[in-house]
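Single-structure report; data block below.
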Amino acid sequence: MLAFDLLPCPAMVTDGGGMVQKVNQELCRIIGGEKAAWATQSMDLMFPLASRIFLQTHVWPMVLREQQVREIRLQLLTSQGQKLPIFVNCQKTTQDGVDHFIWVLFVSLERSRYEQELLELKQRAEVVAAELTSSERFIRTASDALPSLMAYWDTQLICRFANKSYVEWYGKAPAEIVGVPMLAIIGERLFQQNQSVIAQALAGQWTTCQTSMRKASSKVFLRW
């Protein structure tokens, strides 16, 4: 019994019906009461209702079938009535022809807190993603309604956005515009002609210019 009480985690021994035979000092510290008072009590009294149901419908059938269970998530009722997250291991042993079930409980407060934080972060990310999708849809709808050509290029001069007018001007599908280098879209002549303007824009300067772009056989003047 001394070694049993020296375990740094809650532990107990029950019979095959879940009646408590022994509890260690750490388990008594968490759930309250004296070791002698817990003897012959049902282990169900240590758990909230949901854990009791899971214990009877899933854990015990598994223990009786496989002689053991590992890392089953349950909750333990503390002496203050709080629900303490735990992982349960159980091993069946037989001594002098009598079956005993050794239960070792691992408190998982930090892990549960970490998992809860991850869940909250995931939920916030989903909300932000939904808002971003809605915002992008609005921007797309508004820009596609404009008769003028509109496109966005990153610092590597890769097209990241082009409105409907821009795509239709070049007679291409959106996938043939977005993700494609500027040079490949507007051509060598126009690219060279506007290199100084492009350099100013990349330097963060507000700039405009007037240039000609050919669509089929016609010429138009556009302001950048």
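Checked against the criterion of being assigned to a helix (DSSP H, G or I), of a type in the set (A, V, I, L, M) and either farther than 19 Å from residue 108 by Cα or free of Cβ contacts under 8 Å to residues at least 12 places away in the same chain (or both), the candidates 30, 53 yield just one match: 53. Going through (1) under 32 Å from the mean Cα position of the chain (by Cα); (2) in contact (Cβ under 8 Å) with a residue 60 or more places away in the chain one by one, residue 140 falls short only on (2).
Identify all residues within region 39-50 that are buried (at least 17 other Cβ atoms within 10 Å of the Cβ) and farther than 15 Å from residue 17 by Cα; write none if there are none. Answer for region 39-50, where residues must be buried (at least 17 other Cβ atoms within 10 Å of the Cβ) and farther than 15 Å from residue 17 by Cα: just 47.
All of 205, 200 fail the test of being farther than 28 Å from residue 137 by Cβ, modelled with pLDDT of 85 or more, of a type outside the set (Gly, Ala, Ser) and outside any helix (DSSP H, G or I), apart from 205. Contact map, region 145-159: first residue touching a residue at least 60 places away in the same chain (Cβ under 8 Å), second residue among the hydroxyl-bearing types (Ser, Thr, Tyr), Cβ cut-off under 6 Å, separation 6 or more or different chains; pairs are 149/165; 149/166. Residue check: residue 40 meets all listed conditions (1) out of contact with any Leu (no Cβ under 9 Å at 6 or more places or on another chain); (2) of a type in the set (Ser, Thr, Tyr); (3) in a helix (DSSP H, G or I) but one, namely (3).
Does any residue of region 139-158 turn out to be surrounded by 10 or more Cβ atoms within 10 Å (Cβ to Cβ) and more than 23 Å from residue 173 (Cα to Cα)? No; the residues of region 139-158 include none that is surrounded by 10 or more Cβ atoms within 10 Å (Cβ to Cβ) and more than 23 Å from residue 173 (Cα to Cα).
The values are calculated or read from the model by the stated rules, or taken from the named source; none is laboratory data. Fair warning: this is a prediction, and the values are worked out from it, not measured in the lab. Cβ coordinates were reconstructed from backbone atoms using ideal geometry, including for glycine residues, and neighbour counts include every protein chain displayed.
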